[in-house]
Each structure stands twice: as structure tokens, then as C-alpha cells.
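The values are calculated or read from the model by the stated rules, or taken from the named source; none is laboratory data. In this text the structure is predicted, and so the values were computed from the model without any measurement. Cβ atoms come from the backbone with ideal geometry, glycine included; neighbour counts cover every protein chain shown. Note: areas computed on protein heavy atoms with side chains; ligands, DNA, RNA excluded. Shrake-Rupley method; radii C 1.70, N 1.55, O 1.52, S 1.80 Å.
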Amino acid sequence: MSTPIPPTMKTWLVTANGPPSSKTLSLSTTHPTPPSPPRGANLLIRVSHAALNPVDLHLINVLPTWLPFRRTATPGMDFAGTVVAAGPGVKGLSVGDRVCGALGVRQIAFGTGTLAEYISVPQGQVVTVPEGMEMRQAAGMMGIAGQTATLVVNAAGGLKEGERVLINGASGGVGSILVQAAKGKGAYVVAVCGAGNRGFVVERLGADEHVDYARAEPDLEGELERRFGVGEGKGLDWIFDCAGGQALYDRCPGYLKEGGRFVSIVGGRTQGIVPFVRNKLRPVMLGGTPRGFDLLGLSPSGRIAEEVKGWVEKGVVRETPMDSEYKMEDALEAFEKLASKHAKGKIIINIAE
């Protein structure tokens, strides 16, 4: 017998723009539950777990709360949960199925978010949870982080065995999945992150080398030139930038092979316009860097999540690195941890296990 769907639910709401605090986020216990049954090919999902991403902080900061459709906006993009109702257009999924995925920016902009007990999601944005995977792991792996990691690896042609890859920001949500994926495909992986994360990325995730960016500052690029200098035949084939660093690209000819490419997922304050123009469009004769540059942006989908699921099933990635897990009522603390930029892996919110 199915559990009745309540008319109201718990959900976090964005009440003002700014960094995470009691002034910008509040927990409602009487928010209307999405209508059931949902329309078209939509699913009504009882959320078990959600996972946070750096983009969540950005959206809380920049999407105006005074817009009519944002006055009761819910944050959060990643989710895992159970189907409790399905629209007439849904094919191949049924009530009781465990599903996961991520919402898109458009949905977040119009107020829908995953830090809620129930969400309505198009079938095309979900995938069934891999067999044997816990819901908390699915929320962290199959959403923004895993799907972004898939885009990066695909941009690198899938990676070839023996290629040398540097991952900047290797201990974060996307970086920790990329380390596993690159190793799973046979690449030699250099992980750039703080000294305290060396054991995490090398011993746990399998990176071949670690570069402590803090110790190397203010000349991280000089350290990379010394260790991976192209002139010594030790250059890198790929650089995956998950943390952001213009100097890392400007000086990459010293450690990135000719023909190698720099792949970034960090747009910065201009949402990628400035780095795209500066690094992608500026010719070498006008001061451009003589190495290929790609700036990737994700539109979450079930199709991409299916690729991540394939990685899990084939053992290309072994685990969802999780920094911490918080109760629904403690989500504000989780956002504050995310804002500290010291998380190792994903931060999970237990909505209703």
C-alpha cells in the first residue's frame, strides 16, 4: 500500500540574495507539495537525498528573489529518490522505482529545487539508481558532479591509456570523480590540491602524483614547469581545471604538450564570457596562448546520467567521495561548509531516508 502524498511538505527557500545564512535561506514546513498526478512525462519523486554544488551558491547570490516566480524558490540541483506518481506520458518507469539525476538552471531559476521532500521532474532528466548503490551515493555521483566529469572526459576524446592528465581542484566534487575516471581509463593522473588532501586523492582515489598548490604558491606554474617540463619530454597531454586559474592556462606551454588541450569547467564572475574570449578566440599573434582551450557548460540530462551509470557499472569509478552528510534541518550548515571551499568530495543532505 502506497503512502499518501501530503498536501504540504518541508522545503528550504531562498529568501534573499547573498552568502548562505539565516538571512538568505529559511526552512518552510508548510510549502505546497507539487500536484499529483503530474502532467505529461513528469515524475513526482519523494526525495531521499540531495547533494550540494558550488553553482548552488552562485545561483542563490545572483538570481533575484523579487521576481514573481522566485518568491518561493527552492535551492539545490542534485537528487535521488523514489517515484511516487507518474504522468500519462511516462514510459518505462513506475511508482516505486529508485531514480536520480539533476535539475537544470532554468528549473532552478523558476523556483524548483531539490532541497524539498517532493519534486516534479521530467522523465528525461532522470536515470534509475545503479544496482547496489545507496541513495546518498547516487545523489552525489549521478548529478552535476558526475555529469560534468563525463563532459570533461568526452572532451578529451574519452582518454587513452598512458596519457598524462593534470586535474586542478582534484579533491572537490567534480575533481574527485575525474581522478577515478581518468585512472579507470588508464591515464597517468596528477592531482593538484592542498597538502591535507594528498592521502585522499592518492591513496584513496588512485592519483599517481600530488602537487600541493599551497606549498607551490606563489609560483604553482613554475613548480609544474619543473616537474612536467615539455622540454624534458615529460609534458602533460591534458589539463582539467576544476578550480579556476588564468595563470595556469597562460603558462601552460611550459608543461602542456604541443597539441595538448586545457579543459575548464570554471566560468568565473562573467559566466565564462571573459575566459572564452581571452583563451578561445584570441589568436596567438595577439598574445593568445598556443594551446587548445575548451570551456564546458553542463545541461543536465538523463542521457548524460546514463553515461555516468555506465562508468559505475563497469568499475571506471568506484565510489562517490563524500565529505559529510547533514540532516534536512541542518542544510544551512551544509551550505556554510560548501562556501568554505574545504570539502573533500560531495556534501549530502539527508532529506527523508
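Quick notes on this one:
- You will find that of L236, L220, the residue that is under 22 Å from E163 (Cα atoms), modelled with pLDDT of 95 or more, among the hydrophobic types (A, V, I, L, M, F, W, C) and in contact with a strand residue (DSSP E or B) (Cβ under 9 Å, 6 or more places away or on another chain) is L236 and no other.
- Where a residue in segment 138-150 is in contact (Cβ under 8 Å) with a residue 40 or more places away in the chain and its partner, wherever it lies, is open to solvent by 10 Å² or more (accessible area, probe 1.4 Å) and of a type in the set (F, W, Y), with Cβ under 9 Å and at least six apart: M141/W311; G146/W311; A149/W311; T150/W311
- Residue that is nearest to V211 (Cα to Cα) [pool: residues in segment 162-171 that are open to solvent by 10 Å² or more (accessible area, probe 1.4 Å) and not in a loop (DSSP other than H, G, I, E, B)]: N168
- Condition check for T29 on (1) part of a strand (DSSP E or B); (2) open to solvent by less than 70 Å² (accessible area, probe 1.4 Å): one failure, at (2).
- Of the criteria (1) at pLDDT 95 or above; (2) open to solvent by less than 10 Å² (accessible area, probe 1.4 Å), which one V312 fails: (2)
- Tally of residues being in a helix (DSSP H, G or I) and either touching a helix residue (DSSP H, G or I) at 6+ places or on another chain (Cβ under 9 Å) or among the basic types (K, R) (or both) across segment 327-353: 4
- Evaluated against (1) under 17 Å from R204 (Cβ atoms); (2) not in a strand (DSSP E or B), S324 falls short on exactly one condition, (2).
- Scanning segment 66-88 for residues that are of a type outside the set (K, R) and open to solvent by less than 30 Å² (accessible area, probe 1.4 Å) turns up A73, T74, P75, G76, M77, D78, F79, A80, G81, V83, A85, G87.
- L59 satisfies every condition listed in (1) open to solvent by less than 10 Å² (accessible area, probe 1.4 Å); (2) under 24 Å from the mean Cα position of the chain (by Cα); (3) modelled with pLDDT of 90 or more except (1).
- If the condition is being farther than 19 Å from M142 by Cα, open to solvent by 10 Å² or more (accessible area, probe 1.4 Å) and small (G, A, S), then segment 177-199 contributes G186, G194, A195, G196, G199.
- Test: residue in segment 105-125 that is open to solvent by 20 Å² or more (accessible area, probe 1.4 Å) and touching an Asp or Glu at 6+ places or on another chain (Cβ under 8 Å): no
- Boolean, P20 is surrounded by 23 or more Cβ atoms within 10 Å (Cβ to Cβ), part of a loop (DSSP other than H, G, I, E, B) and not basic (K, R): yes
- For segment 200-222, a residue qualifies if it is out of contact with any Gly (no Cβ under 8 Å at 6 or more places or on another chain) and open to solvent by 50 Å² or more (accessible area, probe 1.4 Å), and the qualifying residues are E203, R204, D208, R215, E217, P218, D219.
- Search result, residues across segment 32-54 that are open to solvent by 50 Å² or more (accessible area, probe 1.4 Å) and not in a strand (DSSP E or B): P35, S36, P37, R39, P54
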